[in-house]
Amino acid sequence: MAGRTVRVRGLPADLPPDRVADKLTIHFLRSRNGGGEIADVQVLPGPRPCALITFEALEVARRVLKAESHVLAFGGKRYPLEVTAYTEELSPDQVTRSSRSPPAPPGQGALTLPSAWVRGSSTPVLPHMHTRNLCFSFGANNRDSRWAA
């Protein structure tokens, strides 16, 4: 999947994700938009929705990124799209505390903390994260449970 996925921003927030996915598929299949065969479209809803589009071929993703502009037009409105290369980012739901932890079941993730510990500090540094959304676990897979909240 490396290099074949682009992130698309500027999507309408008032449409259902499946309808947005259909419109994006049509737009990015068209050769005049630099598009081609699509492997997957994921619309990530929210107040500022975005989409991840994975193309079958790396060359198609490169063409889409080189296109001057992308505008999604429907319902009498025009939505200028921001298309950028997607590099996989780990969300707290995808990361584990250490490489020795077993994979989390679907929908249940754990947080990797090794890079968050600061030498000489007794607490982890979690920049740009809301700690109220975090949970700490106890059990056989935890080497040190004293950090639980």
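The values are calculated or read from the model by the stated rules, or taken from the named source; none is laboratory data. What you see is a predicted model, and the numbers here were worked out from it, not measured in a lab. We place every Cβ from the backbone using ideal geometry, glycine too, and count neighbours over all the protein chains shown. SASA here: full protein model, heavy atoms, side chains in, ligands and nucleic acids out. Shrake-Rupley method; radii C 1.70, N 1.55, O 1.52, S 1.80 Å.
Observations, loosely collected:
- Restricting attention to segment 79-88, the residues that are in a strand (DSSP E or B) and within 15 Å of LEU52 (Cα to Cα) total 5.
- Counted residues, segment 40-49 - those being open to solvent by less than 50 Å² (accessible area, probe 1.4 Å) and either modelled with pLDDT of 95 or more or more than 15 Å from LEU72 (Cβ to Cβ) (or both): 3
- If the condition is being assigned to a helix (DSSP H, G or I) and of a type in the set (Lys, Arg), then segment 31-55 contributes only ARG32.
- Residue in segment 8-29 that is assigned to a strand (DSSP E or B), touching a strand residue (DSSP E or B) at 6+ places or on another chain (Cβ under 7 Å), surrounded by 13 or more Cβ atoms within 10 Å (Cβ to Cβ) and not basic (Lys, Arg) present: yes
- Some residue of segment 56-78 being open to solvent by less than 90 Å² (accessible area, probe 1.4 Å), of a type in the set (Asp, Glu) and either outside any strand (DSSP E or B) or out of contact with any helix residue (DSSP H, G or I) (no Cβ under 6 Å at 6 or more places or on another chain) (or both): no
- Residues of segment 70-89 classified as touching a Pro at 6+ places or on another chain (Cβ under 7 Å) and not aliphatic (A, V, I, L, M), total: 1
- Residues satisfying the criterion are present in segment 100-107 (criterion: under 23 Å from PRO16 (Cα atoms), open to solvent by 30 Å² or more (accessible area, probe 1.4 Å) and at pLDDT below 95).
- Contacts under 8 angstrom Cβ, first residue in segment 21-50 being farther than 17 Å from VAL64 by Cα, partner assigned to a loop (DSSP other than H, G, I, E, B) and open to solvent by 50 Å² or more (accessible area, probe 1.4 Å), 6 or more apart: PRO45/ALA13; GLY46/ALA13; PRO47/ALA13; ARG48/ALA13; PRO49/ALA13
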